[in-house]
1. Looking at the stretch B:444-461, which of the residues that are among the small types (Gly, Ala, Ser) and facing chain A (nearest Cβ under 7 Å) is farthest from A:Leu90 (Cα to Cα)?
2. Residue under question is A:Ser317, and the condition is that it be of a type in the set (S, T, N, Q), under 22 Å from A:Ala147 (Cα atoms) and either touching a residue at least 24 places away in the same chain (Cβ under 8 Å) or not in a strand (DSSP E or B) (or both); does it hold?
3. Does B:Asp243 qualify as being in contact with a strand residue (DSSP E or B) (Cβ under 8 Å, 6 or more places away or on another chain) and closer than 24 Å to B:Glu166 by Cα?
4. Return a yes/no flag: does the stretch B:322-339 have any residue that is touching a strand residue (DSSP E or B) at 6+ places or on another chain (Cβ under 9 Å) and either assigned to a helix (DSSP H, G or I) or on the phi < 0 side of the Ramachandran plot (or both).
5. Please specify each residue of the stretch A:243-272 satisfying the condition of being within 23 Å of A:Arg34 (Cα to Cα) and assigned to a loop (DSSP other than H, G, I, E, B).
6. Suppose we keep only residues that are closer than 21 Å to A:Arg55 by Cα and of a type in the set (Gly, Ala, Ser) within the stretch A:104-134. Which one would you say is farthest from the other protein chains (Cβ to nearest Cβ)?
7. Give all pairs with beta carbons closer than 6 Å in which a residue from the stretch A:264-280 that is more than 7 Å from every other protein chain (Cβ to nearest Cβ) meets a residue that is surrounded by fewer than 19 Cβ atoms within 10 Å (Cβ to Cβ) and among the acidic types (Asp, Glu); count only pairs at least 6 apart in sequence or on separate chains.
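The values are calculated or read from the model by the stated rules, or taken from the named source; none is laboratory data. These numbers were taken from a predicted model, which means no experiment stands behind them. Reconstructed Cβ throughout: ideal geometry from the backbone, glycine too, with neighbour counts over all protein chains shown.
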Amino acid sequence: MSRFDAVVVGGGIMGCTTALWLARGGMCTALIERDAVARSASGVNAGTLTLHMTRAALIPYALKGWQLWATARDWLGHDVGVVAAPGLCLAFTKAEAALLEERSAVRREQGAPIKIIAPDRARKIEPGLSGALKLAAHSPIDGHVPAYLTGLAYKKALVEAGCTILEQQPVTALDRLSAGFRIHTGETIVDTKRLVLAGGVWLEPLLALLNVLLPVKTLINQLVVLERLPPVIQSVVTIASGLLSLKQFTNGTVLIGGGWQGKGDRESGETAIIPENLIGNVQLAAHAVPALKRGRILRSWLGFEAETADAMPIIGSVPGMADIFVIGSVHSGYTSAPYMGRLLADHILGLDPAMPLFPMERLLTGHAEGVVA
Amino acid sequence: MTRRAELAVIGAGPAGAYAAMAATAAGVDCIVIDEAKAAGGQVYRAPAVRRSKTKPEVVEGDRLRSALQTSGASLAFGRRVWLVEPGFIIHAIGRDGPETIEADRLILATGTTERVIPFPGWTTPGVIGLAAATILLKAEATLPGKRTLVAGRGPLLAAVAAGILEHGGEVAAVLDHSPRMHWLIALPKLASRLDLLRRGLGWWATLKRAGVPIRHGDGIAEVTGVDDGLLIKTRSGRAVTCDAVAVGHGLTPSTEITRLLGARHRYAAELGGWVPALDAFGRTSVDGLMVCGDGAGVRGAAAAALAGELAGLAAARELGHLDQARFDARASSMETALARASRFGGAMAAMTAPCADDIKAFGAETIICRCEDVTRGQIDAAIDAGASTIDQLKAWTRAGMGPCQGRLCGEAVAAILADHAGGREQVGLWTGRAPIRPVPVADLVGDVAYEDIAIPKAAPL
């Protein structure tokens, strides 16, 4: 049986980055993923690298994450197709304009280079925007990644770092050994000294295997893609309420998101579109950029996003359990993910993380006896 | 606009039409939905141009259209279904914009998609599918070109080539990828429908009489666009010049809606590929959802009509409009005819199945996904990099992400991956996604005022 220094359960960007730096830090590391690497939330999200949609308190992390995405070729060793673009956040009503000013100010205080600009200025930057625009906020730091390709780059990097990858293996049981843990996947049994849980919406059931009760809500976020169009927008377009993300990829396809909800559940993995929400999301996008009415909707899909009770991340040790670590539930966390994974790896490797982690004590609702090490 | 019915039938080819007529006759409140403006499906497609000569499929199609028209079933034609929700809510786009149709039970009779086996040059303008050529000929009375090469496998070869001659076109040659032996092996099963067999033999005789070169066991190696048309190199090394190519390798069942609704599927090469798992009456693993016709497995028009009737009766039985004894009597009386029709249609379908050699024949430069310009080499590279499922292969190569939504490249992509993964079952099926056909944004969003867009509450700051 293999015995690792560290096993990361969950192969999204957070788990992959943690595993990568643990392996590079000299630990014998394995990554266990229930599906394929970066095929759940990390592979099906909108790939938006935006400050306009990042929770204010996470702006410093998102700025670092943005830098890492932009320089992936240097540190990951593989290109992930990042496109840097300005971000424009829009307001179409008085109420939205007030919200935009307020939210932009808070994000600016956290270090986001966001400026409020007049509608004509915004339309000069992005001529495709609707004439109904009331106000806009501009960030020079924004952009996007084709999320569906990041798994390929990460997989290559993990293999090069000597990390063992076990895909299509959901974890079914976690046993505490006298030193370390035994992980059962139904297919294999793996022993490890340290355990990192990076299971996204499946963090709750994973922690429950250790009798740690931490509610993780499953958001079922909708995305809609239009067929290739001639250039209609070059910026990443969002709205003040956060309910729209809109971008055109270099291949001409247009991706519409913003966290509109579908149906589904994490147990079965099944999802379904709520038609009113698909229509509403596309109505909003076509309102912001009227030229989209010339396109056709090709495909829609849904991805699971994890959310804690306070919609803030959990990153760090599990209280009272030496050598178990958790990372996840970062609102719009794709932008920050490579940085947050690095922070946790540093923490595990005994280095001082450059920014504070997000301890989970605040969220624990239950803690069975006898499992505390 | 929302309509309600006890039973909805999607697809008004022979399977859907007979399902609707059988159910309606039993007293079911039934609505039939089709993308075309008239019933008939692919086989009995209503001609846009009426010709004096009446062919058997036109006569049969007219008979079917008039029977359905007077059956009492509600007809919703010219509707593009883009989403079906469980339970069932059917979302369509019609002439007057978005519509929904709610039904307790749903019969899918959505037919097939042409199976495309790529080869070097298949995306050259002038190259079309055999089934596409039949639409041109039947519905539009239009020739694919002045001088057409007809190639591929199965009975459509002779039908299309003879149709081209009949419409005054020239057939450069017929390349039948199957060796003559395949036809001989199928003969006993084909003899179960002597009328159809006779018609098929008649097409071949017409081609012989016209002096059309017919080459069994030969196929297209490469198509190149040249100044005045197309230059075709055949696998046996011959050169053919023409200005159009109609090439086809049979049909594969359309599973968009059954995949979307999460029905169980199985892989059955002899039925054309992945098919929904069904019981004897066409019931899927999803409660209330049935499938009939070629969409349940390619068996041809005659079997489709009978399977449709059976599905319609079963739906009527489940909806309480037909008692068990009467249902059993009707169903058992149809068994023999259905088995016989299936034997003939199945033998025809089996002849179209591509061989492993067809897939191996194309090189690294050959385009597999024409919407996204993905080559064989790129697909092989993604498999080498560790793509082990069809969904992952799609993500890493973009094959299947374009406007055809994978209908054109799906077979070839799966066949390539199956070679590595140990079979089509291991490779799986692309996840079903809405919309099941591309939907124009303008049709879906309408002219809505900003304040009427139902924007959810703001995300947390």
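1. Of all residues in the stretch B:444-461, those among the small types (Gly, Ala, Ser) come to B:446, B:449, B:454, B:458-459.
Those still in the list that are facing chain A (nearest Cβ under 7 Å) too: B:454, B:458-459.
Numbers: B:Ala454: 17, B:Ala458: 13, B:Ala459: 15 Å.
Result: B:Ala454.
2. Numbers: of a type in the set (S, T, N, Q): yes; under 22 Å from A:Ala147 (Cα atoms): no; either touching a residue at least 24 places away in the same chain (Cβ under 8 Å) or not in a strand (DSSP E or B) (or both): yes.
No: the conditions fail for A:Ser317.
3. Working: in contact with a strand residue (DSSP E or B) (Cβ under 8 Å, 6 or more places away or on another chain): yes; closer than 24 Å to B:Glu166 by Cα: yes.
Spelling it out, B:Asp243 is indeed in contact with a strand residue (DSSP E or B) (Cβ under 8 Å, 6 or more places away or on another chain) and closer than 24 Å to B:Glu166 by Cα.
4. Restricting attention to the stretch B:322-339, the residues satisfying the condition of being touching a strand residue (DSSP E or B) at 6+ places or on another chain (Cβ under 9 Å) are none.
Within the stretch B:322-339, none of the residues are touching a strand residue (DSSP E or B) at 6+ places or on another chain (Cβ under 9 Å) and either assigned to a helix (DSSP H, G or I) or on the phi < 0 side of the Ramachandran plot (or both).
5. Hits for the stretch A:243-272 are A:Gly262, A:Asp265, A:Arg266, A:Glu267, A:Ser268, A:Gly269, A:Glu270.
6. For the stretch A:104-134, the residue satisfying everything is A:Gly111.
7. Going by the 6 Å Cβ cut-off, the qualifying pairs are A:Gly264/A:Glu270.
Residue-wise test of (1) assigned to a helix (DSSP H, G or I); (2) surrounded by fewer than 16 Cβ atoms within 10 Å (Cβ to Cβ); (3) touching a Cys at 6+ places or on another chain (Cβ under 8 Å); (4) without any contact (Cβ under 8 Å) to a residue 60 or more places away in the chain.
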| residue | (1), (2), (3), (4) |
| --- | --- |
| B:Met21 | yes, no, no, no |
| B:Pro47 | no, no, no, no |
| B:Leu83 | no, no, no, no |
| B:Thr100 | no, yes, no, no |
